[in-house]
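Notes to accompany the following structure.
None of the figures in this text is laboratory data; all of them are computed from the coordinates on show. Small disclaimer: the values here were computed from a predicted structure and weren't measured. Cβ atoms come from the backbone with ideal geometry, glycine included; neighbour counts cover every protein chain shown.
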Amino acid sequence: MILPLHHQVRGRVRAILAELYDLSDDTVNIPIESPPNRALGDLGSPVAFELARTLRKAPRVIAQEIAARFTAGDGIARVEAAPNGYLNVFIERRAFLLQRLGVIELPGTAVAQATGPSAVQKTIVEHTAINPNKAAHIGHLRNSALGDTLVRALGFRGTPVEVQNYIDDTGVQVADVVVGFREIEHRDLAGVQAIADATRFDYYCWDLYAKVTEWYTTDKARLAIRAAALHDIEHGVSPTAEIANFIAERVVRCHLKTMARLNIDYHLLTWEGDILRLKFWARAFEVLKHSGAVYLQTEGRLAGCWVMKIDDPIASDDDAEVGADGTSNPAGADGGEEDREKVIVRSNGTVTYVGKDMAYQFWKSGLLGKDFFYRTFARRMDGSQLWATTSHEVDAEVAHPPFGAALATFNVIDVRQAYLQKLLKQALVAVGHADEAERLTHFSYEMVALSHATARDLGYAAPADADDAKRPFVEVSGRKGLGVKADDLIDRLFAKALVEVTRRNPELSEAERRRISELIGVAAVRYFMIKYSRTKVIAFDIDEALSFEGESGPYLQYAVVRANNIFQKLQERAGVSTPALLASLAATPPDALNGEDGDHELWSLVLEAARLDDVVEQVVRSLEFAVLAKYGLGLAQMFNGFYHKAPILNEEREDVKRWRAAAVAYFRQQLTHTLEIMGVGVPSRM
RNA sequence: GCGCCCGUAGCUCAGCUGGAUAGAGCGUCGGCCUCCGGAGCCGAAGGCCGCAGGUUCGAAUCCUGCCGGGCGCGCCA
């Protein structure tokens, strides 16, 4: 951890600024950065540049004046003004490392914990939310990997988190599969159950879903069958509703199994059907009507609908200018340009998706005044209960944790839903809860598409003249059945890892080799899914995803395994236990740590390892997990370089040996934490 | 048409709320296992940071306008 030191430096610079220039505390922000190399310093601040204009002094002079006032102590060795105006801080290295290794006490932590935001309230993270009508694919994996990493990152910094997975069991997609079973395969509930027991059900539905889509296109009249099925599901009409229930529940169990393979799980499954049956919408509707946010449109195109005004700063400019070319579209036969409205309740009285989502969000934010009933659905990976909502009081378990009513909410949903998420926020504002709206975050990310090479592997060949062929990637499509199933990808990764592990460690038992392969496979997928910025479309390439080299999860694991090996060997060959080694540091001269011969590699490793807390803060602030991935990569690279250059077991100088070991001990601790935040474990061997 | 996103090395991408010399992986070429495990390390080649203006001590980063690409804008979800 480096942040306590940041706070300290900031505080002391503030005090000096107040003293020297009479600058009040919060007018100046004091950025803390990393100087390009250790010879320049451990922490650096360009604060003098910003002050240069207001103080009418050269940055270098300001930096010098601040540095002159800066006294050593409290973990800071000295402060220098660089010739170019940077203020550079040098850390008291020995104390810093010993504190982080727990050899000596870290001053101020007890206080910091006691005075910290003790009453932090719960944050809800909703992710995954796969339609329960087919197997999960790689697009869903990006969602879950990002969502779960967010959950872990929040947990790392002490924020209580509730993880929800929303199940759209009453939507068209489930209806489609019901239609497929009944109309194409002519099966009843028992028939569907038999198939579920005899096959990989989510895979079966994947294919069936594609078939149904095709089936609709051959005769548009068949769409009426879908509409009827959807209606029956929403109203609980037998037997359609029972079949739909069965399908949804079975497929959800498949999804849970898939996600569990990647160390991803949830506290609560919220079922859309329960939101309908418990009339959450009716309550939300009252509030929305009462506030005037949603009103009945009486004229025009949307007459008879309850609508919400979209406040889009679109600025209805003059569009009178239409080119001379005759393509001017007749914009407004009857009012095309005035305020836009979004339908919330259709003229036939049914609620749109947005409406249901608003009710759900009101509940998440603690504004609905209603609650679900709850039942145990399954076991979580740690053995505790996975809860699900229910609308039947008879099924309900009285004793359950409190759900919903969170201080803050993150909805992990891809960028294509940005518009709807914006409306959701707007609805909160409209009913007078601007603060809740402020604390609602749409964690958006770009979609996963397929590289042309991988689409070809899957047997998809776009006609050369088709649009698809010209695009930079091929879109995943559940409707077309085009996509890489999550479990297929995971299977391939596990299998490939097993080959590699077996080649390197033939003496291990098969069970052990499998265990290791799975850890490696998980690292590969999860790292792959977070290493891109969330604003970037991933053109998924199977060969790239299967790579265990370079910028990959296994590379990070490998670094930790190597580090662990050193301590194991230290114990085996020299009989030195890690605790004993660390204990001996207090009495070891710190020359090696301070860089004899101007060599700061050892210290650089320690300092970089310490940055994890800073990185996690940045990641949570920006929701950019690629930063975490890059940090882990850089740290592993730094260690690997150090590993080759600085031997430990064979180092003769005892003090050098100990400090190197200490640095590596801290490194592996921090990189292990980094991997934990990614949901990745460390194998015993690789 | 309007809104959001992307454009950096041959390819895939980093570049933190403007800051010290624009970096990594893959690929290419050349080295390194009597030495803690080579899923590794070291080195080389490879960049008008899409284009043009602007803001300032300083711009890959901020603003404007273009160009190219993606997505969104339904009484679908």
State the Cα centre-to-centre distance between the range A:549-564 and the range A:226-257 in whole Å.
-> 44 Å
Exposure-ranked with fewest Cβ neighbours within 10 Å first, A:LYS531, A:LYS630 stand as A:LYS630, A:LYS531
Sorted largest first, the Cα spans of the range A:3-91 on the principal axes come out in Å as 30, 24, 19
Distance from the range A:602-668 to the range A:360-393 (C-alpha centre basis), Å | 41 Å
When only alpha-carbon atoms count, how far does the range A:345-483 stretch along each of its three principal axes, as whole angstroms with the largest first?
-> 59, 41, 33
Any idea what % of Cα-Cα pairs in the range A:131-172 are farther than 18 Å?
-> 42 percent
Which values, in whole Å and largest first, are the semi-axes of the equivalent ellipsoid of the range A:183-255 obtained as the square root of 5 times each eigenvalue of the Cα gyration tensor?
-> 20, 16, 11
For chain A, what is the percent of antiparallel DSSP beta bridges, rounded to the nearest 5?
-> 55 percent
Put one equal scatterer on each alpha carbon of chain A, apply the Debye formula with no solvent term, and list log10 I(q)/I(0) at q = 0.07, 0.08, 0.09 1/Å to two decimals.
-> -0.61, -0.78, -0.96
Separation in nanometres of the label points that stand 7 Å from Cα toward Cβ, at A:HIS673 and A:ALA396 | 4.2 nm
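State to the nearest 20 debye the size of the charge dipole of chain A about its Cα centre, where the only charges are +1 on K and R beta carbons and -1 on D and E beta carbons. Provide the component values of the computation, followed by the final result.
On the way: 78 positive and 92 negative charges, 327 e Å.
With only Lys, Arg, Asp and Glu charged at Cβ, the dipole is about 1580 debye.
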Ranked from fewest to most other Cβ atoms within 10 Å of their own Cβ, A:GLU572, A:GLU544 fall in the order A:GLU572, A:GLU544
Among A:SER384, A:VAL537, A:PHE642 - extreme Cα towards positive end, dipole of chain A, charges at beta-carbon | A:PHE642
Exposure proxy check: A:ILE648, A:ILE264, A:ILE184, A:ILE195 ranked by fewest other beta carbons within 10 Å?
-> A:ILE184, A:ILE195, A:ILE648, A:ILE264
Net dipole in debye of the range A:553-677 [+1 Lys, Arg Cβ; -1 Asp, Glu Cβ; about Cα centre; nearest 20] | 400 debye
Between A:THR217 and A:LYS645, what is the label-to-label distance in nm when each label sits 7 Å out along the Cα-to-Cβ direction?
-> 5.9 nm
According to a simple spin-label model (label point 7 Å from Cα along Cα-to-Cβ), what is the distance in nm between A:VAL499 and A:GLN618?
-> 3.7 nm
Stokes-Einstein, Kirkwood over Cα pairs, the range A:476-603, 20 °C, 1.002 mPa s; D in µm²/s equals 118 µm²/s
Given Cα pairs under 8 Å that are at least 6 residues apart, what percent is the relative contact order of chain A?
-> 14 percent
Roughly speaking, what % of Cα-Cα pairs in the range A:1-42 are separated by over 14 Å, rounded to a whole number?
-> 55 percent
Using +1 at the Cβ of each Lys and Arg and -1 at the Cβ of each Asp and Glu in chain A, identify which of A:PHE410, A:ALA284, A:GLN173 lies farthest towards the dipole's positive end.
-> A:PHE410
Over what distance in Å are the Cα centres of the range A:2-77 and the range A:511-544 separated?
-> 41 Å
Please name which of A:VAL615, A:ILE566, A:PHE625 has its Cα lying farthest along the dipole of the range A:553-677 towards the positive end, using unit charges on Cβ (Lys, Arg +1; Asp, Glu -1) and the Cα centre as origin.
-> A:ILE566
Across A:LYS531/A:LYS645; A:LYS257/A:LYS536; A:LYS220/A:LYS342; A:LYS309/A:LYS356, pairs whose alpha-carbon gap is larger than 24 Å = A:LYS531/A:LYS645; A:LYS257/A:LYS536; A:LYS220/A:LYS342
Using the C-alpha atoms of the range A:553-677, what convex hull volume per residue, in cubic angstrom, is computed?
-> 107 Å³
